[in-house]
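FYI, it's all coordinate maths here, none of it is from the lab. Just so you know, these numbers come straight off a predicted model, no measurement behind them. Virtual Cβ from ideal backbone geometry, glycine too; neighbours counted across all protein chains shown.
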Amino acid sequence: MSDQEPKEANHSAGVTPLRPRTAAPAQAPAPSQTTPSAPSVVSFDRTELREILNLYGRKVAAGEWRDYAMDFNPNKAIFSIYRRTSEFPLYRIEKDPSLARKQGAYSVVAATGLILRRGSDLARVISVLDRKVKLVAG
């Protein structure tokens, strides 16, 4: 650029000139515009988790189970029970609200995919996993 050419603002270089800020009126967003609603996720509530973890604690103390995992998605909540960490789950306790009126929202599924018990009362459904061992004298 020579001294003869007028100096231009750096518009062509991609730099925009500074403009004074104007104070925008403070408006509260409408209630529907606050945040986009997160996808609803099925989960276990506190009483359900207490029932499941009480059973889990008894089985861990007995040395039968060693690990667990919880999965939550829009359709189901799943509590998986493992004998060892690196294995597939021995049992899955599932909560599926779409089946609540039909067969019951809760089910216990074995590792093979066999549904051991299904119903609407979690305590009764997981009782299939808490069977007492009966010794027969012979």
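With a sphere of radius 14 Å drawn around the Cβ of L53, what net charge do the other residues whose Cβ falls strictly inside it have (Lys, Arg +1; Asp, Glu -1)?
Values: positive: R46, R50, R58, K59; negative: D45, E48, E51, D67, D130.
So the surrounding residues net to -1.
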Among the range 50-72, those whose backbone N falls under 20 Å of a label point 7 Å along Cα→Cβ from T85 are 56-57, 59-71
Using 0.36 nm per residue, how much length does the chain from S120 to A62 gain when fully extended, once their Cα-Cα distance is taken away?
-> 18.1 nm
